[in-house]
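The values are calculated or read from the model by the stated rules, or taken from the named source; none is laboratory data. Note that the coordinates shown come from a computational prediction; the quantities given were computed from them, not determined experimentally. Glycine also receives a Cβ, built like all others from the backbone with ideal geometry; neighbour counts cover every protein chain displayed.
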Amino acid sequence: MDKMDLVKLAIEAREMAYTPYSHYCVGAALETADGKVYKGCNIENAAYGPTNCAERTAFFKAVSEGDLKFTQIAIVGAPKGEQISDFCAPCGVCRQVMSEFCDGDTFLIHLYDGEEIRSYTLKELLPLSFSL
């Protein structure tokens, strides 16, 4: 899938974010090796710890459906009601989850600021991942 098409799906996913505390809405669109796409949004909780990021929501949906091979993910974020105007990079926990399922040299992470897409390999964003 073209990375801009994936970004558009991440923007759609952002609309579903549940963010009554931070009011910062994130959307992600994760593509599997066979071209299927899973969308995810961030889902907050008053206890904060149980909050789940958009990226992990997409990954957990995919894994729970039996998909374990991934090629790329697009991530977008901005305050609720505002246009996307800055890059929203995955947190460390999300990067570590990605490393559980993705090849660091080939898995691509696309970040969008409303005008430009910047793409990184997982290894560029998590050079010393913890793995078996």
Point to revise | region 12-67, subset in contact with a helix residue (DSSP H, G or I) (Cβ under 7 Å, 6 or more places away or on another chain) and of a type in the set (Lys, Arg), residue farthest from residue 91 (Cα to Cα) | key: 39
Revision key, fill the gap. When every residue in region 41-52 that is of a type in the set (S, T, N, Q) and part of a loop (DSSP other than H, G, I, E, B) is compared, the one surrounded by the most Cβ atoms within 10 Å (Cβ to Cβ) is 42
Point to revise | Cβ pairs under 7 Å, 6+ apart, first in region 101-130 and at positive phi, second part of a loop (DSSP other than H, G, I, E, B) and surrounded by 12 or more Cβ atoms within 10 Å (Cβ to Cβ) | key: 114/84
Check your understanding: Name the residues in region 53-67 that are loosely packed, with under 12 Cβ neighbours inside 10 Å and not in a helix (DSSP H, G or I), would you?
Key -> 65, 66
Point to revise | Subset of region 78-127 that is among the hydrophobic types (A, V, I, L, M, F, W, C) and either in a loop (DSSP other than H, G, I, E, B) or modelled with pLDDT under 95 (or both) - its residue that is surrounded by the most Cβ atoms within 10 Å (Cβ to Cβ) | key: 102
Check your understanding: Just one of the numbered conditions (1) under 21 Å from residue 5 (Cβ atoms); (2) under 13 Å from the mean Cα position of the chain (by Cα); (3) in contact (Cβ under 8 Å) with a residue 24 or more places away in the chain is not true of residue 95; which one?
Key -> (1)
Point to revise | Test result for residue 38, surrounded by fewer than 18 Cβ atoms within 10 Å (Cβ to Cβ) and at pLDDT 95 or above | key: no
Review point. Pairs under 7 Å by beta carbon, first residue in a strand (DSSP E or B) and at pLDDT below 95 in region 1-20, partner surrounded by 15 or more Cβ atoms within 10 Å (Cβ to Cβ) and of a type outside the set (Ser, Thr, Tyr), six or more apart or different chains?
Key: none
